[in-house]
1. Using alpha carbons only, how many degrees (0 to 90, rounded to 10) separate the axis of helix 43-69 from the longest principal axis of the chain?
2. So what's the angle, to the nearest 10 degrees on a 0 to 90 scale, between helix 77-92 and the longest Cα principal axis of the chain?
3. Probe radius 1.4 Å, ligands and nucleic acids left out: which of ARG198, ARG41 has the largest accessible area, and how do the rest follow?
4. Could the peptides 140-147, 112-119, 32-39 be put in order, highest first, of the mean number of other beta-carbon atoms found within 10 Å of their residues?
5. Ignoring solvent entirely, what values of log10 I(q)/I(0) come out of the Debye formula for segment 68-145 at 0.10, 0.20 Å⁻¹ when each Cα is a single scatterer?
6. So, counting K/R as plus one and D/E as minus one, what does the shell of residues with Cβ under 12 Å around ILE149 add up to?
7. Given Cα pairs under 8 Å that are at least 6 residues apart, what percent is the relative contact order of segment 45-200?
8. What is the gain in length, in nm to one decimal, between SER76 and LEU89 on full extension, counting 0.36 nm per residue of separation less the C-alpha to C-alpha distance?
Amino acid sequence: MDNVDNKIEEISKFANLDKLGMPEAVIMLVLGAAVLLFGYRIKKIAFFIIWFLLGFNLMVWLMPTINNLVPEIASSELYQTLLPIGGGLILALLGFTIEKLCVSGICFVLTMLITIQYFGTDIQVLAIGGIVGVVVAGVAVMVMKPAVIIATAVAGGYALTLAIMKLNTDINFEVMYWPMLLGIAAVGSIFQFLTTKRIR
């Protein structure tokens, strides 16, 4: 039983839930819901939001390494807040670039992020995640509208899943991560497909 509890605690830490504050969780919840349900209708804004969330989460994940490399910023609350926001804004600027590059990039990064969040950072896992990410990105470029809808739904589902798990700590991360992510993304995809039938 202790091993199971330790495993769940490790996964929760790895998923950055312990580093995610309540204000950030609420922001992720709101932005995630907007991208989940209206991603295709607000493509440019959605791309900006998705890249911001990806960049923010990536920087939160990298902060312990950055703190070790530059100890001076480890004790500064300002840097601890500004660096993830800065990383999010830098990646968010990609949302205003070429649509095909943006969609393929989102699909690749989402695949890698979800792989890392759940399966870890072993070299074999990263290699398999990278191959799957390249395939998903290639398919996304060939079918743009469905790809945008699915990518925004998965991105919104990812943000909502992490935010919900942070706001409700009784949820078992190891058991519920994939069902929640896939279920929320499926609802968002269906909603978007139904509400964008006449939109090209």
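The values are calculated or read from the model by the stated rules, or taken from the named source; none is laboratory data. Remember, predicted model here, so these are calculated numbers, not experimental data. Note: ideal-geometry Cβ built from the backbone for every residue, glycine included; neighbour counts use all protein chains shown. With ligands, DNA and RNA removed, areas are computed over all heavy atoms of the protein, side chains included. Shrake-Rupley method; radii C 1.70, N 1.55, O 1.52, S 1.80 Å.
1. Orientation of helix 43-69: about 20 degrees from the principal axis.
2. Helix 77-92 sits roughly 20 degrees off the main axis of the chain.
3. Numbers: ARG198 230, ARG41 130 Å².
The ordering from most to least exposed comes out as ARG198, ARG41.
4. Details: 140-147: 14.9, 112-119: 17.5, 32-39: 22.4.
Per-residue Cβ counts within 10 Å, averaged per peptide and sorted highest first, yield 32-39, 112-119, 140-147.
5. Taken in order of the listed q values, log10 I(q)/I(0) reads -0.36, -0.94.
6. On the way: positive: ARG41, LYS43, LYS145, LYS197; negative: none.
Counting the neighbours of ILE149, the net charge comes to +4.
7. Working: 156 pairs, mean separation 32.7, N = 156.
Result for segment 45-200 is 21 percent.
8. 2.7 nm
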